[in-house]
1. Any chance you could count how many residues in region 14-54 are touching a Pro at 6+ places or on another chain (Cβ under 7 Å) and surrounded by fewer than 18 Cβ atoms within 10 Å (Cβ to Cβ)?
2. Would you check which residues across region 36-52 are without any contact (Cβ under 8 Å) to a residue 24 or more places away in the chain and either in a helix (DSSP H, G or I) or polar (S, T, N, Q) (or both) and list them?
Amino acid sequence: MPKPKNEKSIAFSKRLKHAVKNTVGRALRPQEFIREFQLRHHGEPVSNQAIYKWLNGTVIPKSKNMVTLVEWLKVDEHWLRYGPSPSAANPQAPSRDTKYPLQQETIELATKIESLSPNDRHMMEELVDRLYGGPPKPRDD
């Protein structure tokens, strides 16, 4: 009797196929995937049936086999095994020191803010500070 699929192994299978498609540029047929994995794997031999079960969403590979997958597919092991980390779902605001590439819309926005009255510019600065979670700055009147 085949092992029943569970949500975690099905989700793993989807991430695995997604990673393969991103790395290789297309989906691989099961036999192609098995061949590519076996060529890269230097540990204990893995049966074709076991690898097929990863693709089929029946089981998640053991850690030693996961290492081969992660190195081949150039993905984060946590992401491949479990999915996005909880912190990825709730990203932290970038620090104030973070530099962003200058884009045209940023230049336009800066130009518009620069043309505001000192009072309105201060209000805009307070709004941005609040959105960033920082304390309000004292006014320079």
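1. At the first step, the residues of region 14-54 found to be touching a Pro at 6+ places or on another chain (Cβ under 7 Å) are 52, 54.
Going one step further and asking which of them are surrounded by fewer than 18 Cβ atoms within 10 Å (Cβ to Cβ), we end up with 52.
Residues in region 14-54 being touching a Pro at 6+ places or on another chain (Cβ under 7 Å) and surrounded by fewer than 18 Cβ atoms within 10 Å (Cβ to Cβ): 1 in total.
2. Initial filter on region 36-52 (without any contact (Cβ under 8 Å) to a residue 24 or more places away in the chain): 38-39, 44-52.
If the condition is that a residue be without any contact (Cβ under 8 Å) to a residue 24 or more places away in the chain and either in a helix (DSSP H, G or I) or polar (S, T, N, Q) (or both), then Gln38, Leu39, Ser47, Asn48, Gln49, Ala50, Ile51, Tyr52 are the ones that fit.
Any read-out appearing in this document is the output of simple, stated calculations on the displayed coordinates, not a laboratory observation. Because the structure is predicted, anything quoted here is derived from the model rather than measured. All Cβ positions, glycine included, derive from the backbone under ideal geometry; neighbour counts span all protein chains shown.
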